[in-house]
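Written below as C-alpha cells is the structure these notes are about.
Please treat every number below as a calculation from the coordinates, not as lab data. All figures in this text were calculated on a predicted structure; none of them were measured in a lab. Neighbour counts run over all protein chains shown; Cβ positions are idealised from the backbone, glycine included.
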Amino acid sequence: HLPTAELQALDAAHHMHPFTFGAELAEKGARIITKAMGVWLTDSEGEEILDAMAGLWCVNVGYGREELADVAARQMKQLPFYNTFFQTSHVPAIMLAKKLAEIAPGDLNHVFFNGSGSDSNDTNLRMVRHYWELKGQPERFNVISRWNGYHGSTMGGGSLGGMKGIHAQGGLPIPGIHHIDQPDWWSEGGDMTPEDFGLQRAQELEAKILELGPETVAAFIAEPVQGAGGVIVPPATYWPEIQRIVKKYDILLIVDEVITGFGRTGNWFGSQTMGITPDIMTCAKGITSGYIPLGASIVSDKIANVIDEGDEFAHGYTYSGHPVACAVALENIRLLEEEGIVERAGKEIAPYLKEKWEALVDHPLVGEAKIVGLMGSIALTPNKATRAKFKAPGGTVGYICRERCFANNLVMRHVGDRMIISPPLTITKAEVDILIDRARKSLDEALERINA
Ligand code: PLP
C-alpha cells in the first residue's frame with residue numbers, strides 16, 4: 001500500500017469520518033489499520049495493537065475467522081441478494097429468524113431485519129407507535145428514553161438517544177421523544193446509597209409517565225447497561241423497579257441490546273444478566289461479530305400478532321434480511337454456541353478480568369472500576385473520597401488517557417472522564433494481563449502529564 005503519510009493525507013482530504021474532529025484528523029492523521037487477528041490489530045507501520053474495544057463493541061468472535069469469510073463467499077455465489085418485500089423470502093433470513101427466536105428470551109419469537117443498530121431503533125419506534133394505532137390508541141405516541149443513552153445517530157435513533165452533542169445538531173429530537181435521567185450513581189448519586197439512588201432514578205420513569213399521561217405513552221427504551229454513555233452499570237434496584245412501572249402502565253419495553261447482545265455481559269443477552277423481560281430487543285454489532293452490517297428487532301408474540309393482523313406495516317429497508325449478512329450471522333452464532341465462546345467468556349474470562357479490572361481502583365486517578373461480563377469502565381477523578389470532577393473541562397483527562405493507551409498500543413475508548421473496554425469475547429487470560437499492564441502504564445503516564 002501507499003506510505004502511511006500519503007494515506008493519511010488522502011484520508012484527511014477525501015474521507016469524512018463519523019464522530020471525528022476534521023481539523024484534528026488533518027493535523028495528526030488517522031492511525032491506519034491494515035489487518036487483524038484474534039484481539040490484535042496491525043497498523044500501516046506494522047505496530048501490533050491490542051483492541052480492547054472489539055472494534056466498536058462488535059467483534060465478539062475475534063478477528064480472522066475464516067469460516068465467516070467462507071460462508072459470505074458461498075452465499076454471494078449462490079444468492080448475493082434478494083429482498084424480503086412483497087411475499088418473497090430466502091433460506092438465510094428464514095433460518096436466522098428461527099435461530100434468533102430460539103436464543104432470545106421469553107416470547108420474542110419474531111424478527112424484523114434491519115441494516116444497523118440505528119435503523120433497528122427507527123424500526124422499533126415506528127413499530128411501537130403502529131402497534132398502538134392498531135390497538136385503537138393512536139394517542140399512545142410518546143416514547144421515553146434516557147439522557148446519555150445511545151441508540152444510534154439516525155433521526156430516530158439520535159432522538160431516542162440522550163446525547164446532548166447529537167441533539168445540538170440537525171434539529172433533534174423529533175417530536176414525541178422524552179428523556180429521564182440515567183442511573184449513574186458515581187457522577188450524580190451524591191450522598192445516597194447506590195440502591196436508593198437506583199430506585200429514585202427508576203421512579204423518574206413513573207413521574208414522567210404521569211406527567212405525560214399514561215394513555216399517551218407507547219414505550220420506554222433503554223440499554224441494559226448504558227454503553228456509549230460510559231458503561232454505566234445500574235444499581236441492582238434499578239431494573240426491577242423499571243419492570244414494575246412499565247407493567248403497571250402497560251407500556252412497551254424496548255431493550256437495546258446492540259452492545260449487550262451475543263455474550264457481551266456474560267450471558268447471551270444483557271436482559272438475562274439484568275433480569276429484564278423486553279417486548280422488543282434491538283440487536284446489531286455482535287449478531288455478525290461486525291464482519292458485515294446487520295440489525296434486527298426481535299419482537300414479542302404480543303406485538304407481532306397485532307402487527308401481522310393489520311394492513312401491511314409500511315416499513316422496511318432494501319437490505320432487510322440481506323442473504324449474505326444473514327448467512328454470516330448464522331455462522332457467527334454457530335461459532336459462539338458450538339465453540340462455547342459465550343459460555344467461556346462468562347464463566348472463565350469475566351471473573352478473571354473482573355478481579356484485575358476492579359484492582360485498578362488502587363490507581364491514584366481511578367475512583368470507580370465497574371465491569372459486567374466483558375464490558376467495563378473506570379471513572380477518573382482527582383479525589384476518590386468526594387468523587388470530584390477535574391478542573392479541566394470534562395473529557396480532557398479521559399482524552400489524555402486514551403492518547404496514552406493508543407501510544408502504548410492499546411485501544412481503549414474514553415467517554416468524558418471515563419475509560420471503557422469491551423474486548424473480543426475470545427480474549428485469553430494472558431491477553432487480559434497485557435491489557436491491564438498497558439492500561440496501568442497509560443494511567444501512570446497520564447497522571448505524570450496532568451501533574452506536569
Ligand atoms: N444502540 C446502541 C446501544 C449502540 O451502542 C449503538 C452503536 O454503538 C447503536 C444503537 C447504533 O448502532 P449502529 O452504529 O449500528 O447504527
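Assorted remarks:
- Between Arg334 and Lys429, the contour length at 0.36 nm per residue exceeds the Cα-Cα span by 31.9 nm.
- Placing a label point 7 Å from the Cα of Leu79 along the Cα-to-Cβ direction, the residues of segment 97-113 with a backbone N closer than 16 Å are 97-99, 113.
- Under 16 Å from Lys77, Cα to Cα: aspartates and glutamates that are on another chain or at least 8 residues apart: Glu67
- For segment 223-229, putting each phi into the Karplus relation 6.51 cos²θ - 1.76 cosθ + 1.60 with θ = phi - 60° gives couplings of 8, x, 10, 4, x, 5, x Hz, in residue order, rounded to whole numbers and with x for Gly and Pro.
- Long pairs among Lys35/Lys441; Lys99/Lys429; Lys135/Lys247; Lys370/Lys441; Lys164/Lys384; Lys247/Lys302, criterion Cα-Cα beyond 22 Å: Lys35/Lys441; Lys99/Lys429; Lys164/Lys384
- Kyte-Doolittle mean at least -1.0, axial Cα span of 30 Å or more - DSSP H helices of the chain: 429-451
- Helical mean residue ellipticity (222 nm; -39500 (n - 2.57) per DSSP H run of 4+; nearest 500) of the chain: -12500 deg cm²/dmol
- Cα gyration tensor category, rounded, prolate or oblate, for segment 193-300 with a/c compared to 1.5: oblate
- Cut-off under 5 Å, modelled amide H: who pairs with Asn114 long-range: Gly295, Ala296, Ser297, Gly321
- Taking each residue as 0.36 nm, the span from Met192 to Ile32 lengthens on full extension beyond its C-alpha to C-alpha distance by 53.0 nm.
- Met95/Glu348 FRET efficiency (R0 45 Å; Cβ-Cβ; nearest 0.05): 0.90
- Distance between the modelled labels on Ala385 and Phe21, one decimal in nanometres: 3.5 nm (7 Å Cα→Cβ projection).
- Rg to Rh, two decimals, where segment 67-338 supplies the alpha carbon set and Rh follows Kirkwood: 0.97
- Three-way shape call for segment 276-320 based on the alpha-carbon gyration tensor, with the a/c threshold at 1.5: oblate
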